[in-house]
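Participant: The structure that follows is given in the form of structure tokens.
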Amino acid sequence: MTDNTADITEKNTLENTEEEKTQESKPKKFQTLRGFQDLLPEFQDYYTMIKKSVRHRGRQSGFKRITTPIMEETGVFSRSLGESSDVVSKEMFTMESRSGKLMTLKPEATAGIMRAYIEHGMHTLPQPVQLYSIEPQFRYDRPQKGRFRQFHQANFEVLGIKDASVDAQLIHMSYKILEDLGIADRVDIQINTLGSAGNREEYMEALRDFFFDKSQHLSEESQARLKTNPLRILDSKDEDDQILVSMAPKLKDFLSEESKNYYETVKDYLHALNIPFYENEGLVRGLDYYCDTVFEIWDKSQGAQNAIGGGGRYDGLAELLGGQPTPGFGFAMGVERIIGHMKDAGIKPESKDKVHFFVAQLGEEGKKKALKITTNIRDLGYNAIGGMGKSSMKAQLKMADRSGARWAIILGEIEVRENKAILRDMHLGKQEIISLDNIEQTVIERLNN
Ligand code: HAM
């Protein structure tokens with residue numbers, strides 16, 4: 001295990017369990033790790049709705065799906081995101097393989113996708129290469145509302161072309177997805193430009209000079225950032241830092257004409273696409289690979305806290321990973337945070353898990369018939385479940401009610417003997433006797449009427 005990295009092994013679990021067993025004579029009840037959560041059926045309904053919009057918007061714009069491994073060699077992330085970034089310096093789940101290689105659970109998608117682009121020679125494909133993913137990510141951050149150690153990102157990347165229309169289109173797409181999900185009115189889009197890598201270097205030098213004799217007035221965190229990445233001081237939430245930042249040199253004075261023009265064009269296109277946005281000179285992003293356009297999607301009420309998404313241009317990343325120069329632009333949105341907003345906005349996803357029929361039965365013959373009817377209905381493309389245990393009819397009807405099934409098919413001993421069944425409309429509480437012959441067709445007809 002390395003310094004600054006989280007211990008993901010559960011190395012003492014076995015010993016602890018044995019110990020606890022003898023101490024309490026009761027086996028330990030396990031729980032999810034801090035910051036990790038079970039994705040229960042309710043989450044899945046929201047997740048399905050989000051995935052649908054992500055897939056739909058991706059396909060509409062010619063994106064293809066990619067899944068990179070959940071783990072990469074640590075260098076993929078440390079080189080890409082920057083050693084001084086919070087993610088690399090504090091938040092990676094890193095472990096050593098048996099052969100001594102450092103491996104990290106992916107904290108974000110971009111670096112792995114760029115590694116894959118280079119590894120598979122995707123520069124030989126028609127450019128741009130447009131890829132999207134929707135996957136779990138891992139960051140060892142302090143868990144709190146909207147912040148988890150395992151979370152999910154919907155992520156889009158356009159590789160191999162630098163054009164302001166790409167930046168504008170992706171910002172537009174992120175907004176469209178939030179519109180699909182009914183929460184676009186809850187967010188603000190913040191944008192900025194960081195200029196070229198050269199512009200940024202010059203600006204960082206100017207910041208170092210400016211803060212040189214003022215560093216004692218900076219927060220502890222900003223003092224550390226002054227040494228590693230002074231740009232991140234602009235991000236500080238500390239009030240004293242902010243006062244100093246307001247007097248510090250401005251990034252816009254270090255931008256080349258080319259970068260300025262590029263940014264103006266992006267904004268022009270955003271206006272043309274009717275995307276509302278705010279310009280924010282302090283927006284620098286927490287990962288080092290960005291240049292030129294950056295953007296974040298903020299919660300209207302909370303600002304930078306718990307951002308719903310973010311991204312930007314990263315034209316130097318491919319070279320950092322040993323590839324040839326390849327421009328790129330992308331963004332990611334946090335699924336859990338989107339779900340939080342959907343819930344707050346009262347948006348209920350439609351569930352496909354609806355049960356159409358509940359088949360209740362009594363007696364051996366009834367059970368056999370119920371089994372056949374249930375599976376036949378399923379084969380015909382409808383959802384059917386049944387009380388397969390030995391519960392009483394009353395208990396089974398309660399189960400039918402709880403299952404949300406529209407219809408209950410009741411096979412009591414007498415009915416089965418008479419080649420009949422009771423069909424009960426669970427919504428209206430009405431019932432009728434129907435024949436067991438072709439019962440599947442009869443009940444499906446009722447459902448469709
Ligand atoms: P990021 O801003 O680090 O960017 O993360 C994107 C989004 O992931 C955040 O806005 C947030 O919604 C979600 N997120 C991040 N950390 C957590 C967490 N601990 N718990 C819950 N949600 C979280 C990136 O990751 C870049 N790779 C985006 C990008 C793609 N840039 C270019 N292409």
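Participant: Given the residues 340, 334, which is the only one that is surrounded by fewer than 24 Cβ atoms within 10 Å (Cβ to Cβ), within 19 Å of residue 173 (Cβ to Cβ), assigned by TED's automatic domain parsing to the domain that holds residue 264 and within 10 Å of the ligand (Cβ to nearest atom)?
Facilitator: 334 is the lone residue from the list that is surrounded by fewer than 24 Cβ atoms within 10 Å (Cβ to Cβ), within 19 Å of residue 173 (Cβ to Cβ), assigned by TED's automatic domain parsing to the domain that holds residue 264 and within 10 Å of the ligand (Cβ to nearest atom).
Participant: Additional query: Among (1) open to solvent by less than 40 Å² (accessible area, probe 1.4 Å); (2) modelled with pLDDT of 95 or more; (3) out of contact with any His (no Cβ under 9 Å at 6 or more places or on another chain), there is one condition residue 49 misses while meeting the rest; what is its number?
Facilitator: Residue 49 satisfies every listed condition except (1).
Participant: Please find, among 208, 200, the residue that is touching a residue at least 40 places away in the same chain (Cβ under 8 Å) and among the basic types (Lys, Arg).
Facilitator: 200
Participant: How many residues does region 208-223 hold that are in contact with a Leu (Cβ under 9 Å, 6 or more places away or on another chain) and part of a helix (DSSP H, G or I)?
Facilitator: Adding up the residues that qualify gives 6.
Participant: Restricting attention to region 133-149, does a residue exist that is of a type in the set (A, V, I, L, M), crowded, with 23+ Cβ neighbours inside 10 Å and at pLDDT 95 or above?
Facilitator: Among the residues of region 133-149, not one is of a type in the set (A, V, I, L, M), crowded, with 23+ Cβ neighbours inside 10 Å and at pLDDT 95 or above, which makes the answer no.
Participant: Check region 289-305 and report whether any residue there is among the basic types (Lys, Arg) and outside any helix (DSSP H, G or I).
Facilitator: So far as region 289-305 goes, yes, one or more of its residues are among the basic types (Lys, Arg) and outside any helix (DSSP H, G or I).
Participant: So which of 307, 370, 360, 318 is surrounded by 15 or more Cβ atoms within 10 Å (Cβ to Cβ), within 16 Å of the ligand (Cβ to nearest atom) and in contact (Cβ under 8 Å) with a residue 40 or more places away in the chain?
Facilitator: Step by step, each of 307, 370, 360, 318 is checked, and only 318 is surrounded by 15 or more Cβ atoms within 10 Å (Cβ to Cβ), within 16 Å of the ligand (Cβ to nearest atom) and in contact (Cβ under 8 Å) with a residue 40 or more places away in the chain.
Participant: Under 8 Å between Cβ atoms, at least 6 apart or on separate chains: pull out the pairs that start in region 336-350 with a residue that is farther than 19 Å from residue 152 by Cα and end on any residue that is open to solvent by less than 40 Å² (accessible area, probe 1.4 Å).
Facilitator: Within 8 Å, the pairs are 345/182; 345/183; 347/181; 347/182; 347/183; 350/45.
Participant: For region 126-181, enumerate the residues that are outside any loop (DSSP other than H, G, I, E, B), more than 15 Å from residue 336 (Cβ to Cβ) and charged (D, E, K, R).
Facilitator: If the condition is that a residue be outside any loop (DSSP other than H, G, I, E, B), more than 15 Å from residue 336 (Cβ to Cβ) and charged (D, E, K, R), then 157, 167, 176, 179, 180 are the ones that fit.
Participant: Within region 371-399, track down each residue that is modelled with pLDDT under 95 and of a type in the set (Gly, Ala, Ser).
Facilitator: 386, 387, 389, 391, 392, 395, listed by residue number.
Participant: Follow-up question, since we're still on this one. Give the residues of region 280-300 that are of a type in the set (S, T, N, Q) and either without any contact (Cβ under 8 Å) to a residue 60 or more places away in the chain or in contact with a helix residue (DSSP H, G or I) (Cβ under 8 Å, 6 or more places away or on another chain) (or both), sorted by residue number.
Facilitator: 293, the sole residue that qualifies.
Participant: Condition first: within 24 Å of residue 221 (Cα to Cα), part of a loop (DSSP other than H, G, I, E, B) and over 26 Å from the mean Cα position of the chain (by Cα). Can you find one or more residues in region 307-314 that meet it?
Facilitator: No.
Participant: On to the next question. Considering each residue of region 324-370, count those that are outside any helix (DSSP H, G or I) and acidic (Asp, Glu), and give that number.
Facilitator: So the count comes out to 2.
Participant: Another question, if that's okay. Show the residue pairs that are 6+ apart or on different chains and have beta-carbon atoms under 8 Å apart, the first residue being within region 108-137 and farther than 17 Å from residue 80 by Cβ, the second being within 10 Å of the ligand (Cβ to nearest atom) and among the small types (Gly, Ala, Ser).
Facilitator: 132/154; 134/154
Participant: May I ask you to say which residue of 399, 333 is under 25 Å from residue 42 (Cβ atoms), without any contact (Cβ under 8 Å) to a residue 60 or more places away in the chain and not small (Gly, Ala, Ser)?
Facilitator: Within the list 399, 333, the selection yields 399.
Participant: How about region 377-433: which strands (runs of 3 or more DSSP E) wholly inside it have at least 3 residues that are surrounded by 13 or more Cβ atoms within 10 Å (Cβ to Cβ) and not small (Gly, Ala, Ser)?
Facilitator: Passing ranges, in order: 407-411, 420-425.
Participant: Mind listing whichever residues of region 230-256 are assigned to a helix (DSSP H, G or I) and under 28 Å from residue 174 (Cα atoms)?
Facilitator: Across region 230-256, the qualifying residues are 231, 232, 233, 234, 235, 251, 252.
Every residue, every condition in (1) crowded, with 19+ Cβ neighbours inside 10 Å; (2) among the hydrophobic types (A, V, I, L, M, F, W, C); (3) under 16 Å from residue 198 (Cβ atoms), yes or no:
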| site | (1), (2), (3) |
| --- | --- |
| 220 | no, no, no |
| 233 | yes, yes, no |
| 236 | no, no, no |
| 243 | no, yes, no |
| 246 | no, no, no |
| 250 | no, no, no |
| 255 | yes, yes, yes |
| 258 | no, no, yes |
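The values are calculated or read from the model by the stated rules, or taken from the named source; none is laboratory data. Note that this is a predicted model, so its numbers are computed, not measured. Methodologically, a virtual Cβ is constructed for each residue, glycine included, from the backbone with ideal geometry; neighbour enumeration extends over all protein chains shown. The protein model used for the area step is the full one, side chains on, heavy atoms only, and it has no ligands, DNA or RNA in it. Shrake-Rupley method; radii C 1.70, N 1.55, O 1.52, S 1.80 Å.
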